[in-house]
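No lab work stands behind these numbers, since they all come straight from the coordinates. Note that the structure is predicted; figures quoted are calculated from it, not measured. Reconstructed Cβ throughout: ideal geometry from the backbone, glycine too, with neighbour counts over all protein chains shown.
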Number of protein chains: 2
Amino acid sequence: MTVIEKAERARGASKVLASLSPEQRAKGLLFMADELEAGRLHILDANQEDLENADKAGITGPMRRRLALSETKIGMMAQALRQIGLLQDNLGKIVQMISRPNGLTIKKVRVPFGAIGVIYESRPNVTADAAGLCIKSGNAVILRGGTEALKTNTAIVAKLRTGLEKAGITPECIQYIDNPDRSEALTMMRLRGLIDVLIPRGGAGLIKATLENASIPVIETGTGNCHIYVDAAADREMARSIAMNAKLSNPAVCNAMETLLVHEGIAEALLPGLAQDLTDKGVEIRGCPRSREIVPYIEPATEEDWQEEYLDLVLAIKVVSGLDEAIEHIATYGTAHSEAIITADPDVAAKFTRAVDAAAVYVNASTRFTDGGEFGFGAEIGISTQKLHARGPMGINELTTYKYVIEGTGQVRQ
Amino acid sequence: MTVIEKAERARGASKVLASLSPEQRAKGLLFMADELEAGRLHILDANQEDLENADKAGITGPMRRRLALSETKIGMMAQALRQIGLLQDNLGKIVQMISRPNGLTIKKVRVPFGAIGVIYESRPNVTADAAGLCIKSGNAVILRGGTEALKTNTAIVAKLRTGLEKAGITPECIQYIDNPDRSEALTMMRLRGLIDVLIPRGGAGLIKATLENASIPVIETGTGNCHIYVDAAADREMARSIAMNAKLSNPAVCNAMETLLVHEGIAEALLPGLAQDLTDKGVEIRGCPRSREIVPYIEPATEEDWQEEYLDLVLAIKVVSGLDEAIEHIATYGTAHSEAIITADPDVAAKFTRAVDAAAVYVNASTRFTDGGEFGFGAEIGISTQKLHARGPMGINELTTYKYVIEGTGQVRQ
């Protein structure tokens, strides 16, 4: 079946899905979870095939690890679906009500988008997560995962579709583009009228290709060149603890700290101990000349270091003259993801949060909290780094839009 | 100056603009209005040049009329700016507040986009309206109007910039792309990191070109193939009055009715009189075979008639077997702009409003109300027909986004 035919089926199914009750959609999620668990051996077989192909292709390290499933991982995927099923369903709710002098009542009502496209890489759990979030929010979904996970993803989707069907919901709500040809992905990016929103989830290359080629609305996700600025008025122990957490708790993710900016008034007191602690944990530090005067064993940082999202145990450090230089550095190199200041001075904090243009701006907390679960959204389909529609973690509410329903008694416009 | 340099200046200025108080921005709007009025003779001179070039180019009819300014029209533009200045300023307001178990406070705060691009055609009043709405909502604006209005738009922008300057706001907040070369518009559509949102406002060709070429986020506006469905349970006089209003009050605009769908149970009672009334007002009617059995002088409608946005004194009429056929017709040919049902049956109305996927769905009212002013937004930069970010009339609130400001006391992620 072509990608257009799949998108047409998704579009048709989306109309049915949107008309279901919240209970029916929640039931769909539970049945999807049950089928995923019941079919785990089948999924693991498929995963084994993908892994063998990966080995032949010389795929190793983190990429192979992300691809590999286990019974435990499948159980976690099912559990995530059940949790999504329990989230509060806001479809059909009136967001705002306007009463006009001419007697018209204008209701702004929350509705699904219709059909959402998701293009993603390697990690097969995204298949279940994305499908679950879309179904819960009343949207049909057209998935296109990485070629290296094709058999695994196809097996997962088959189970999810069976689950929907057993719950009395048309399985056409979930479509998977199983043709690995890149032209299918390109076609998908241009299906105006069939796909309402496209969400790329993956590395910088995927995001860029989507933005370049798509003619349907895209939500940009992911790249996080995140900074923490330690102000002169910071609590040193708090600064140390937050910096360690933001760099070390999961260096491979987009909300990890990549550059530490330190006020010159606190640099000599903070940096020697912090650099030692980080180095002890295996972090390679690259610093500006002033930071290297304080900690001589730091490697020199180049222009590329300020730009790079390491996603690894590497950290850039820069000593700045104060808040203005920190704000300017973030404006130049930041990716509008997550930025933090550590300070005990509320005026400095207020200036930082006003001036820094990012999805999430923190005062005295780790950038690692930019996450749907940590925000209380339950789960997320990605972290938006654009400003249109949604910023930061996108949960089920961010996968909806609204329409105006206007009730009159025969009003005409003068 | 190149379009990139202008966008960079706008970007820089946007940071200053966002930091101003609501009173300062409101003052900017008042001064922009004053300068526009004070400079009216200069603007009219420039407009005269554009009109002479239009005459040489053989531009006549509605297009020439839209281009022509007068002292009265300039006064109305100034008045519109003053009204925008008085609108409630919601920047910095907390949209939502989340308290997390770990003690983090997450505030969702309304902020400007930054820099907004607006590409538009002919009507010079859009220059002042768009600039006013952007400045009021804290955004710098990069304008690119039609070549035929170049001198007029340049003159208007000069006055608006002077107004900003006199109000103590950097005039770089308003930029105008005065190079008529199409490559400048294309460059503008791809300025990632400099322009946050692009709003095309004009005919179908402009919208399509923008969607095809832009790599920055676009809000699609404008095309309105709007339907009114008269149910069997409709009040006939109400149906007649609304249909006349939706077709005749301003046929050239996107919220005018283009196709009338009539339930077969009311067609014989409604159509003869209504067709006569419309014909008396100069409307050309094209109908389906069943409508032509009832009103023999109606011209036959072709497939193109169901697709076309006439924007003129032309109306397509189709007799349908009931609600389902009406919903299906709208799903096939509608542009997700404004759709209406006339019925006294609340169950039928509820089914229609649920099933029809459009920015504005009306019960017993004219589609002509889809308008920022009529919705109480004060003014609008356009009518969105896409689902991402904003649907329907976009006022100053729709020209803003949000950021999360998270306050902690040293929290780190487990």
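Mind checking the full-extension length gain between A:Ala252 and A:Met76? Use 0.36 nm per residue of separation minus the Cα-Cα distance, one decimal, nm. Don't jump to the answer; show the numbers that get you there.
Numbers: separation 176, 0.36 × 176 = 63.36 nm, distance 2.02 nm.
Extra length available between A:Ala252 and A:Met76 comes to 61.3 nm.
Using only the C-alpha atoms of the range A:226-369, find the volume of their convex hull and express it per residue in Å³.
Details: hull volume 12.6 nm³, N = 144.
In the range A:226-369, the Cα convex hull volume per residue is 87 Å³.
Once all Cα-Cα distances of the protein assembly as shown are split into 10 Å bins that start at 0, what whole-number percent is in each one?
3, 12, 20, 23, 21, 13, 6, 2, 0, 0
List, shortest first and in nm to one decimal, how far the label point of A:Asn397 (7 Å from Cα along Cα→Cβ) is from its counterparts in the other copies.
With the label placed 7 Å along Cα→Cβ, A:Asn397 yields 1.4 nm.
Which chain A residue sits with its beta carbon nearest the axis carrying A onto B, and how many Å away is it, rounded to a whole number?
A:His389, 2
Could you give me D for the range A:1-145, from Stokes-Einstein at 25 °C and 0.890 mPa s, where the hydrodynamic radius is the Kirkwood radius over C-alpha pairs? Units µm² s⁻¹, please.
Numbers: Rh = 17.4 Å.
Reported coefficient: 141 µm²/s.
Return the FRET efficiency for the residue pair B:Asn53, B:Thr154: r is the Cβ-Cβ distance, R0 is 22 Å, and the value is rounded to the nearest 0.05. Don't skip to the answer; put the middle values down first.
Values: r = 13 Å, r/R0 = 0.60.
After rounding, the FRET efficiency stands at 0.95.
With a Cα-only, solvent-free Debye model of chain B, what are the log10 I(q)/I(0) values at q = 0.07, 0.08 Å⁻¹?
-0.39, -0.51
Kirkwood Rh over Cα pairs of the range B:180-289 into Stokes-Einstein at 25 °C, 0.890 mPa s: D in µm²/s? Let's see the in-between values first.
Values: Rh = 16.8 Å.
Taking Rh from Cα pairs, D becomes 146 µm²/s.
How many nanometers, to one decimal and shortest first, lie between the label point of B:Lys56 and those of its other copies, if labels sit 7 Å from Cα toward Cβ?
So the label point of B:Lys56 gives 7.0 nm to the other copies.
Per residue, what volume in Å³ does the Cα convex hull of the range A:114-166 take up? Don't jump to the answer; show the numbers that get you there.
Numbers: hull volume 3.3 nm³, N = 53.
Dividing the Cα hull volume of the range A:114-166 by its residues yields 62 Å³.
Farthest toward the dipole's positive end in chain B, which of B:Leu270, B:Asn364, B:Val126, given Cβ charges of +1 (Lys, Arg) and -1 (Asp, Glu) about the Cα centre?
B:Val126
So what is the 222 nm mean residue ellipticity for chain A from helices alone, if each DSSP H run of at least 4 adds -39500 (n - 2.57) and you divide by all residues, rounding to the nearest 500 deg cm²/dmol?
Working: 15 runs with 181 residues, N = 414.
Dividing the helical sum by the residues of chain A leaves -13500 deg cm²/dmol.
Measure up A:Lys387/B:Lys107; A:Lys108/A:Lys208; A:Lys56/A:Lys247; A:Lys108/A:Lys351; B:Lys136/B:Lys247; A:Lys151/A:Lys387 against 28 Å on the Cα-Cα distance and list the ones that go over.
Values: A:Lys387/B:Lys107 16 Å; A:Lys108/A:Lys208 34 Å; A:Lys56/A:Lys247 34 Å; A:Lys108/A:Lys351 35 Å; B:Lys136/B:Lys247 34 Å; A:Lys151/A:Lys387 35 Å.
Exceeds cut-off: A:Lys108/A:Lys208; A:Lys56/A:Lys247; A:Lys108/A:Lys351; B:Lys136/B:Lys247; A:Lys151/A:Lys387.
Could you let me know the centre-to-centre spacing of the range A:60-117 and the range B:381-414, using Cα atoms, in angstrom?
Here the answer is 17 Å between Cα centres.
Between A:Gly203, A:Gly395, A:Gly114, which gets the highest mean-square fluctuation from a Gaussian network model of chain A, Cα cutoff 10 Å?
A:Gly203
Taking the Cα-to-Cβ direction at B:Asp277 and at B:Thr2 and moving 7 Å from each Cα, how far apart do the two end points lie in nm?
6.0
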